[in-house]
Each structure stands twice: as structure tokens, then as C-alpha cells.
Amino acid sequence: MVTCKQFLQELNDFLDPSIDPDTKLHLERHVNECPNCFVILDTTKKTLAVYKGCEPQAVPEGIRVRLWAAIERKMAARKLGQS
């Protein structure tokens, strides 16, 4: 039995057309029985459909710099935690 947490962790794979059919069927059973996960899946699909038609936009330089700095801090913190 798939839990909501497991379904959410697998949501990206579930939306991938190349997903293993058995895995997809297993996840579909959960989403068909769980109204909360159904709403999340439906909303995610609709959101993806909206953004598929949009042209990519450049990230402003200031945001790009801050984002990379945050990613580097996170990676450094993980590295310290693994040592």
C-alpha cells in the first residue's frame, strides 16, 4: 500500500511517460483512492500544462548570484555533515 508521502516522493516519476508500467499502476491505485493526492496530481498536471506554453525567461543576475550562493552553502553543509 502506497502512502501519501510515498506518492508525493514519486510524483515526478509518475508524471514521466517512461515510468515502469507496474510502478505507474501501483501509484495510480493510490491516487484513485486518495482524494488529497488526486487533487495534488490534478493541480500539478494543470500547472505543467500552463507553463509548457511559456517561453523560457532569463533569471536576473542578482537572483542568479544569490541562488548559486545558496546552493553552494547547502552543498558545503551537506559535505560537512558527511565527513
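The values are calculated or read from the model by the stated rules, or taken from the named source; none is laboratory data. Here the structure is a predicted model, which is why all the values come from computation and not from measurement. Ideal geometry is used to build each Cβ from the backbone, glycine not excepted, and the neighbour counts take in all protein chains shown. With ligands, DNA and RNA removed, areas are computed over all heavy atoms of the protein, side chains included. Shrake-Rupley method; radii C 1.70, N 1.55, O 1.52, S 1.80 Å.
Note that the chain presents 86 Å² accessible area per residue, ligands and nucleic acids not counted, probe 1.4 Å. Of the solvent-accessible surface of the chain, computed with a 1.4 Å probe and all protein chains present, 59% belongs to carbon and sulfur. Database note for the chain: Cys without another Cys beta carbon under 4.7 angstrom, Cys4, Cys54. Largest first and in whole Å, give the semi-axes of region 4-82's equivalent ellipsoid, each being the square root of 5 times a Cα gyration tensor eigenvalue. In descending order the semi-axes read 31, 20, 12 Å. Relative protection proxy for 44-51, 19-26, from highest mean packing down: 19-26, 44-51 (other beta-carbon atoms within 10 angstrom). The magnitude of the dipole of the chain, with charges of +1 and -1 set on the Cβ of Lys/Arg and Asp/Glu and taken from the Cα centre, is near 500 debye.
Here the sum of -39500 (n - 2.57) over DSSP H runs of 4 or more residues, divided by the residues of the chain, equals -26000 deg cm²/dmol at 222 nm, to the nearest 500.
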